[in-house]
Amino acid sequence: MKLTGPFTQILPLADMPLKGTIADDALQVIPQGGVLTDGDQITEVGNFEELRKAHPKAQIEEIKDDHVLLPGFIDCHTHLCFAGSRAKDYALRIAGKSYLDIAKAGGGIWDSVTQTRQASEQQLIDLLSQRVNRHLKDGVTTIEVKSGYGLNVEQELKQLSAIKSVAHSGKADLIATCLAAHIKPKDFNGQASDYLEYILNSLLPKIKKQHLANRVDIFIEESAFNERDAAFYLNLAKQLGFDITVHADQFTPGGSSLAVKVGALSADHLEASTEKEIKELAASNTVAVALPGASLGLGIGLAPARKLLDAGACLAVASDWNPGSAPMGDLFMQASILGAYEKLTTAETFAALTYRAAKALNLNDRGMLKKGMLADMQAYPCGDFREILYHQGKLKPSKVWKHGNVI
């Protein structure tokens, strides 16, 4: 066993509400705390000196100077497996062109598809590893990673194989999601519905057989797939044994209503959600995932995070790190900005990055510091937890643990 501490403060985020608002006085703060671990799991969290007396044979990992300990962050929506750059798209956007205009002119997602198809699997592994390592240094210990820049059987399998390779060799936990239903590829001969049938019949069975992913996603939007075709696809994917999630309400509402109807784990984006969609999400078990990085990258409004929480929804925040709409990839900075504009409490922001994000990935073994949870932790060099958000993402963790081991 190992005892790590003393930390000036520990915020376990344990036994807090899964849905709705959270006041900061609901935060449990353990002063001069310690964490007892056995292998990759937490055994006990409490006062450091009391734990040391109770476990005299435990190995001590001493923490010097002021530090505040949080659970590792969970980024529940990323597109980290890609090649190439979309700097040209960004220059066009800040010059006044819309996301949809750029896509129609040959840029957008298809540009990333072309560049990712040209990359070898090893090149994708190397690029993904670099991005994962950057996230880890920032305290992000579990990362969802989508495919969706292959858009045919061979290329989607290449992307998912690269994700699997990095998951096996890297230090972070990667949760793979098949986003072959990103857009209908330009080189596919048929309608959008035909393409979805092609994925269902030719790709998803191979993904299951090769154990490459247990999740599928679809982009519901004018430039991608309509709600009718998406419902067909998602229901059949569920029958094949996949968990489902949805890119919803980014530019137009409606996708989140379908996500609720088909029992999706999450509805992600939500920038265009109206009162109707907010009420439906709040009344459901579907996690509402805000992606402030896409709002910053596209120069559009933020998801209505405050309204979602006030209505009683489960709100998570993710980076949407991708080469087009969200190239920054700094999860905590984006969450800090969202919190400032949407008036989220410190407790609500931390919850959205930890145990509520875990819910979006159907994970129940992380996101809190308590007995039986994975020892995924991060320590910030300060003496008061309020300092962490105060610096709006510029204060980074000085120590990160994954499965109990210092990164």
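The values are calculated or read from the model by the stated rules, or taken from the named source; none is laboratory data. Quantities reported herein were computed from a predicted structural model and do not represent experimental measurements. Cβ placement follows ideal geometry from the backbone for every residue including glycine, while neighbour counts extend to all protein chains displayed. Accessible surface is based on the protein model in full, side chains and every heavy atom, while ligands, DNA and RNA are left aside. Shrake-Rupley method; radii C 1.70, N 1.55, O 1.52, S 1.80 Å.
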- [ ] Please find, among 119, 167, 176, the residue that is within 25 Å of residue 332 (Cα to Cα), of a type in the set (A, V, I, L, M, F, W, C), free of Cβ contacts under 8 Å to residues at least 40 places away in the same chain and buried (at least 21 other Cβ atoms within 10 Å of the Cβ).
- [x] 176
Task: Pair list, Cβ < 8 Å and 6+ apart or interchain, from region 96-113 residues that are under 17 Å from residue 294 (Cβ atoms) to residues that are of a type in the set (Ser, Thr, Tyr) and in a helix (DSSP H, G or I) - done: 108/99
Task: In region 269-288, residue most open to solvent (accessible area, probe 1.4 Å) [restricted to those that are in contact with a helix residue (DSSP H, G or I) (Cβ under 8 Å, 6 or more places away or on another chain) and closer than 27 Å to residue 91 by Cα] - done: 271
- [ ] All but one of (1) over 18 Å from the mean Cα position of the chain (by Cα); (2) open to solvent by 10 Å² or more (accessible area, probe 1.4 Å) hold for residue 302, so report the exception by its number.
- [x] (1)
Open item on the list: Any residue that is crowded, with 24+ Cβ neighbours inside 10 Å, more than 17 Å from the chain's Cα centre (by Cα) and not hydrophobic (A, V, I, L, M, F, W, C) - is there at least one of those in region 389-403?
Closed with: yes
Open item on the list: Name the single residue that is farthest from the chain's Cα centre (by Cα) among those in region 331-355 being buried (at least 23 other Cβ atoms within 10 Å of the Cβ) and of a type in the set (A, V, I, L, M).
Closed with: 344
Task: Positions within region 194-220 being open to solvent by 10 Å² or more (accessible area, probe 1.4 Å) and either in a helix (DSSP H, G or I) or at pLDDT below 95 (or both), in sequence order - done: 194, 197, 198, 200, 201, 202, 205, 206, 208, 209
- [ ] Can you work out which of the residues in region 222-241 that are open to solvent by 10 Å² or more (accessible area, probe 1.4 Å) and not in a helix (DSSP H, G or I) is nearest to residue 99 (Cα to Cα)?
- [x] 223
- [ ] Taking residue 157 as meeting all but one of (1) crowded, with 24+ Cβ neighbours inside 10 Å; (2) more than 20 Å from the chain's Cα centre (by Cα); (3) farther than 27 Å from residue 100 by Cα; (4) of a type in the set (A, V, I, L, M), write down the number of the exception.
- [x] (1)
TODO: Taking residue 295 as the residue in question, decide whether it is farther than 30 Å from residue 242 by Cβ, out of contact with any strand residue (DSSP E or B) (no Cβ under 6 Å at 6 or more places or on another chain), among the polar types (S, T, N, Q) and not in a loop (DSSP other than H, G, I, E, B).
DONE: no
Open item on the list: Need the failing condition index for residue 358 against (1) over 14 Å from residue 335 (Cβ atoms); (2) open to solvent by 40 Å² or more (accessible area, probe 1.4 Å), just the number.
Closed with: (2)
Open item on the list: Test of understanding: among 2, 97, 57, which residue is touching a strand residue (DSSP E or B) at 6+ places or on another chain (Cβ under 9 Å) and either closer than 25 Å to residue 378 by Cβ or not small (Gly, Ala, Ser) (or both)?
Closed with: 2
Open item on the list: Give me the residue from region 242-264 that is assigned to a loop (DSSP other than H, G, I, E, B) and farther than 22 Å from residue 297 by Cα and, out of that set, most open to solvent (accessible area, probe 1.4 Å).
Closed with: 263
